[in-house]
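Data first, discussion second: the structure below is written as C-alpha cells.
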Amino acid sequence: MTIPCALLVDDQRDVVRLLRATLNTLGHEMNIIEAPSGEEALLEASRRKIDLLVVDYGLAGISGVETMRKIRIRYPSMKSVIITGWAERKVLEEIRNSGVDAYFFKPIPLADFLDAVERFLGFNQTIFPPVEETSKPPLQKITTEPKKKLPKLGVENPPKVFISYAWEDDVIKWVRNFAARLRADGVDAILDQWSAVPGDPLSDFMEKSLRESEYVLVVCTPKYKNKSDGREGGVGYEGNIITGELLAKNNHRKFIPVLYKGPWQLAAPSWASSKFYVDLSDSINAGENYRNLLRTLYRKNATPPPLGGFPDFLNEE
C-alpha cells in the first residue's frame, strides 16, 4: 500500500509544529512535509504526489485558496483542508466556493481535524468511529463555521472584551486572528488594529477600552511580561490601569490571562502570575481551552450538580 503524503502550509511555525504533532498521534504511517508559503508548497508538489493538503488561507504571496487550486490541477484526487482565523463574509464565501473538502477556524478543533484526515485518507476511524461500517454515510463537507443564534441562547448583549498585547510580528497576526475568531463566536472583541487610526490619542483609547469592557484578555508572552513589569510603552500604561482597577475594585475575574507563547513563569506579568490562565499556546488542548474561555465570557461555566440527601448511616443509632 502506498504511504500517503500530507503537505502542511502555514507561515506560522508554531501552527505547523502543532499540525505535525497532531497527525503523528494518529499512529498511521504517512509522509509529512512542510512549506512556509504557497510558492514553496508548489515547489514541493512538483517533487512528489500530494494526497492531503492542509493550508492556511491568509498566506503572504499566493493565497491558500490559490495554492490549493494550483496543486489540485496536478493531483485532482488530492484532499484539501483550509485553516483560517478570518471570519469575514467575503472570506468565507471564497473558501466555500473554492472546492475545498474541509475548512476549520483557528484555534483548530483538533479532534474534528483528525477525524477529517482519517476519512480523507481512508484510515480506520479512531477519533469518531462509525456506529455501523455497513451504513457509513457519504463524506460531507466539514466546517467549524460558527452558527450564531444568540436570541435562542438568551444572550441579550454580546460580551465586550478588550485584548491587551505586546506588538511583535507573529503576535500581531495571531491576535488579529484570535480577535476575528472571537467575533465570529459572537464576542464583541475590541482591538487596536481595527479601532485606532492615525491621529487618535492612544492613551484615551486604552483607558476607555480597558474600563468599559466587560473583560480584558491579556495575551501573555515574554515581551509582554517585560514591558508590563517595567511599565514600558503602551503595555506598561495598560498595566498601570489594570493594577489600579484591581486595587480599587478587586475585580480579578475581569482580567483573564491568555498564554500565547513561552513558559508561563516567563510570560506572565507579575500582577497575573498567580491567576488561573487560559493556555492557547502550542498545545493539543488549545481547542478545548478556547471553548472554555468562550463559556467564561458568556458566563456559562460548568456548575456543580445539586446536593443530594444525607447518607442513611447518619440516622443509625
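Within segment 183-241, count every residue that is of a type outside the set (A, V, I, L, M, F, W, C) and under 24 Å from the mean Cα position of the chain (by Cα). Break it down into steps so the answer makes sense when it comes.
The first filter runs over segment 183-241 and keeps only residues of a type outside the set (A, V, I, L, M, F, W, C), leaving 183, 185-186, 188, 192-193, 195, 198-201, 203-204, 207-209, 211-215, 221-234, 236-240.
This time we only want the ones that are under 24 Å from the mean Cα position of the chain (by Cα), so: 183, 185-186, 188, 192-193, 195, 209, 213-215, 221-225.
Of the residues in that region, 16 qualify.
Got at least one residue in segment 300-311 being within 28 Å of the chain's Cα centre (by Cα) and among the aliphatic types (A, V, I, L, M)?
Yes, some residue in segment 300-311 is within 28 Å of the chain's Cα centre (by Cα) and among the aliphatic types (A, V, I, L, M).
So how many residues does segment 174-197 have that are surrounded by 15 or more Cβ atoms within 10 Å (Cβ to Cβ) and in a helix (DSSP H, G or I)?
Number satisfying all stated conditions: 12.
Working carefully through the options Pro107, Pro158, find the one that is in contact with a Phe, Trp or Tyr (Cβ under 7 Å, 6 or more places away or on another chain), at pLDDT below 90 and part of a loop (DSSP other than H, G, I, E, B). Reasoning before the result, please.
Values: Pro158 fails: in contact with a Phe, Trp or Tyr (Cβ under 7 Å, 6 or more places away or on another chain).
One residue alone meets the criteria, Pro107.
Tell me, which residue of segment 266-290 that is of a type in the set (D, E, K, R) and at pLDDT 85 or above is surrounded by the most Cβ atoms within 10 Å (Cβ to Cβ)?
So the first thing to find is which residues in segment 266-290 are of a type in the set (D, E, K, R), and the list is 275, 279, 282, 288.
Pick out the ones that are also at pLDDT 85 or above and you get 275, 279.
Values: Lys275: 15, Asp279: 19.
The selected residue is Asp279.
Do we find that Lys208 is closer than 30 Å to Asn157 by Cα and of a type in the set (D, E, K, R) in this structure?
Values: closer than 30 Å to Asn157 by Cα: yes; of a type in the set (D, E, K, R): yes.
In short, yes.
Identify, from the list Glu238, Glu212, the residue that is buried (at least 16 other Cβ atoms within 10 Å of the Cβ), in contact (Cβ under 8 Å) with a residue 12 or more places away in the chain and closer than 26 Å to Gly186 by Cβ.
Details: Glu212 fails: buried (at least 16 other Cβ atoms within 10 Å of the Cβ).
Within the list Glu238, Glu212, the selection yields Glu238.
Can you tell me how many residues in segment 155-173 are closer than 21 Å to Gly234 by Cα and in contact with a Leu (Cβ under 9 Å, 6 or more places away or on another chain)? Don't jump to the end; show me each part of the working.
Taking segment 155-173 as the starting set, the residues that turn out to be closer than 21 Å to Gly234 by Cα are 160-173.
Among the residues that remain, those that are also in contact with a Leu (Cβ under 9 Å, 6 or more places away or on another chain) are: 161-165.
Qualifying residue count, segment 155-173: 5.
For segment 267-296, give me each residue that is hydrophobic (A, V, I, L, M, F, W, C), in contact with a Ser or Thr (Cβ under 9 Å, 6 or more places away or on another chain) and within 13 Å of Cys220 (Cβ to Cβ). Step through it out loud before you land on a result.
Initially, segment 267-296 is screened for residues hydrophobic (A, V, I, L, M, F, W, C), giving 267-268, 271-272, 276, 278, 280, 284, 286, 293-294.
Among the residues that remain, those that are also in contact with a Ser or Thr (Cβ under 9 Å, 6 or more places away or on another chain) are: 267-268, 271-272, 278, 284.
Within segment 267-296, Ala267, Ala268, Trp271, Ala272, Val278 meet the criteria.
Take the residues in segment 161-173 that are assigned to a loop (DSSP other than H, G, I, E, B) and of a type in the set (Phe, Trp, Tyr); name whichever of them is surrounded by the most Cβ atoms within 10 Å (Cβ to Cβ). Write out each step before concluding.
Restricting attention to segment 161-173, the residues satisfying the condition of being assigned to a loop (DSSP other than H, G, I, E, B) are 165-168.
Keeping just the survivors that are of a type in the set (Phe, Trp, Tyr) gives 165, 167.
Working: Tyr165: 25, Trp167: 15.
Once the filter is applied, the top-ranked residue is Tyr165.
So which residues in segment 47-71 are out of contact with any Cys (no Cβ under 8 Å at 6 or more places or on another chain), within 21 Å of Val117 (Cβ to Cβ) and among the charged types (D, E, K, R)? Show your work before the answer.
Initial filter on segment 47-71 (out of contact with any Cys (no Cβ under 8 Å at 6 or more places or on another chain)): 47, 53-71.
Next, from what is left, pick out any that are within 21 Å of Val117 (Cβ to Cβ): 53-57, 59, 64-65, 67-69, 71.
Answer for segment 47-71, where residues must be out of contact with any Cys (no Cβ under 8 Å at 6 or more places or on another chain), within 21 Å of Val117 (Cβ to Cβ) and among the charged types (D, E, K, R): Asp56, Arg69.
Please report, ordered by residue number, the strands (runs of 3 or more DSSP E) entirely within segment 1-100 with at least 1 residues that are touching a residue at least 12 places away in the same chain (Cβ under 8 Å) and over 25 Å from the mean Cα position of the chain (by Cα). It would help to see each step written out before you state the result.
Details: elements: 5-9, 31-35, 52-56, 79-84.
It comes to 5-9, 31-35.
Of (1) under 18 Å from Val171 (Cα atoms); (2) crowded, with 19+ Cβ neighbours inside 10 Å; (3) free of Cβ contacts under 8 Å to residues at least 40 places away in the same chain; (4) not small (Gly, Ala, Ser), Val218 satisfies all except one. Which?
Val218 satisfies all of (1) under 18 Å from Val171 (Cα atoms); (2) crowded, with 19+ Cβ neighbours inside 10 Å; (3) free of Cβ contacts under 8 Å to residues at least 40 places away in the same chain; (4) not small (Gly, Ala, Ser) except (3).
The values are calculated or read from the model by the stated rules, or taken from the named source; none is laboratory data. The structure displayed is predicted, hence computed values, not measured ones. When we count neighbours, we look across all protein chains shown, and the Cβ atoms used for this are built from the backbone with ideal geometry, even at glycine.
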